[in-house]
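What follows is a single structure, written as structure tokens, with notes after it.
Values quoted throughout were computed directly from the atomic coordinates according to the rules given, and no laboratory measurement underlies them. These numbers come from a predicted model, not from an experiment. Cβ: placed from backbone, ideal geometry, glycine included. Neighbour counts: every protein chain shown.
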Amino acid sequence: MEFACSHVVCNWRPETITEGLNSTVPCSGSDVFIRSTSTKEHPYDNRIAVIQQPVHALVPPPLPPRQPSRKHSRPMSLPPPVPPRGQGNKGEIRLKANVNVVSLSVGSLVDIYKASSIKCNQKPVRCENCGAIMTSSASNLQNHQNVTVWNCEFCDGENVFSQTETGGLRPSLRPPTGRDVLYIDEDWDGDYENLEDMLVVFCVDISGSMSVTSEVAAGNSMRSPTYVSRLQGVQDALQRALSSLLQTSPHRRVALVTFNDEVTVYGDGTGVPLSLRDWALVDYDHLQAQGEKYNTPHCIAETFQSLSQKVKELREHGATSLGPAALISVAMASKFTGSKVIICTDGRANIGLGQLEQENSHAPPQSPYFYSQLANYAAEKGVIVSVMTFEGEDCRLAEVGRLADHTGGRINIVNTGTVATEIQTALADNVLATNVVATLLAPDGVYFPYEEENHKLVREIGNVTEGVEVTFQFAVRQARVESFQRRDRIPFQLQLDFRTRDLQKVTRIITQQKRVTTSSYVWAGSLNMSVLGVHCAQLCARLTMEGRIQEAQNQLKAQQDLLKDISEQKPSPKEESVYGNWISTMSMICEDLTADKQSLSDQAANMVYQMKRAKSIGGKKSRPAAMLEG
């Protein structure tokens, strides 16, 4: 876990400007005092302030008290504030952005073979009330004659363990020493699944619109321009992909599915194709059953020639039954954890399940929720789905893209020149863990804005590939600010539940203590721009996809101001450029949606999905000053 700020800021409020909070005025040098604008003063004020590092040679002595002018007298109850010299107007600023942000490098955390965690085969001891797991740092254990009592540091719940039921001394109440522990479930019945065992399914659109051509080579006086259709571009890309798999993964299985106004399953190309049309295209259970029982026994080393021939023979015509083809492809891949489905399409689904365009009044209603349902099914089975659409078309990528967004796949808008590269990139993504669920626990009184109103946040992540990052923000309820500020530290616990590629159940527990400072200032230069920038991109993209455009705009403005303040204190041109561009891009998308009141275009949806999966520059975060205290 990596935090954006070196300590917990207790008095952040979601309102634009919060009234009744203390404002602070810095003194010369390093001394700080609190000047309260509310009726009740207290010595703890966690207001974030942007201050310049003091330069002692330029700091003048304190200003003497002003004498009221007789000529221009002012009411004594409203004196103008006097900013300290040498700091201009930067002595105190009311930041609206929440700096209580934590980032999880999930792609690294689920890789148990590289983890430095302490491995443990015993069952973790959980709080019966909130589900927190007891760690070696638990200091509130009390041993009585026949029982052991543990008061949970997260919910203050009392847990009583009988010594008779645990065999006397209850050795399992002594968790492994350390703040990072891997609990590995020994009661599992899975077998290790090699990457070669997985299935790659190419799901290709061969509808009439795939005949549209584009110029790939300009003409001159000697020859005419060269044009290539979309289907020809995809055929070339698939031939390259098959050749690459033959060279690098000859034992991997590959299948081909095509769709127009019917779905044709060629499988590995050695058997009789399976055709599905008419009523079958609207029967979810039938399509799923057909896919799950379809057998693909041969590897690419045995089927390369037959698959290549099937690809060459493809011809474009008909409508676009994207939904049924995606369903049967996922069902085929569901038998092998880590399998991949790569969808190439250029049109809006207009026939069968998941259709997004009604051709006539007798057609079934549009069903965008079909893609969410299918995404959940794919994620549960550990299948990665990547979606590629052609530029210049409206495929309703905001809906279809859910398949990739929830399964860890890629979403891209391609053309005949780039589709081959994008398919190769999608083939390189490998599942590190499936069924990943992150649970973040904080003490009672903390909540998670935009997500959860209590102190326990559960987020289903699904499939995880290398480099995946997830961010959260938290805040302290106003009624609990005083009590939190009197504490020296507060605990946070991450519980990461997942299945490895061999279907082994693992729970990784990371518990850290976070200081609550008594200082009135947080120097903006000590904040982690990387964590804040990634969180801003992910949060605003998610809010936009949920239709909460105004909230996304408010977040963008607040984060833009904050990142500007950070860059003034700690310049980082590369990070400023990347994160600044993210914010600008999201701002333009939100403005367009607000002005036009329309749904996301494919181009905008593609950008938003990229923002939802934003990660730190180079996959590494710069560590903030005094990040955590043990």
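Does region 197-289 come out rounded, prolate or oblate by the C-alpha gyration tensor, with a ≥ b ≥ c the root eigenvalues, rounded set by a/c under 1.5 and, if not, prolate when a/b is larger than b/c and oblate if not? The shape class here is oblate.
Going by a ≥ b ≥ c, the root eigenvalues of the Cα gyration tensor, does region 459-568 fall in the rounded group (a/c under 1.5), the prolate group (a/b larger than b/c) or the oblate group? It comes out oblate by the Cα gyration axes. Within the shell of other residues whose beta carbon sits under 11 angstrom from the beta carbon of residue 610, the net charge comes to +3, with Lys and Arg scored +1 and Asp and Glu -1. Past the 27 Å Cα-Cα mark, which pairs from 381/615; 557/615; 456/570; 310/340; 557/612? In this structure, 456/570 exceed 27 Å between Cα atoms. Packing, taken as the mean count of other beta carbons within 10 Å per residue, orders the peptides 144-157, 314-327 from highest to lowest as 314-327, 144-157. If the chain linking residue 218 and residue 424 were pulled fully straight, counting 0.36 nm for each residue of separation and taking away their Cα-Cα distance, it would gain 71.5 nm.
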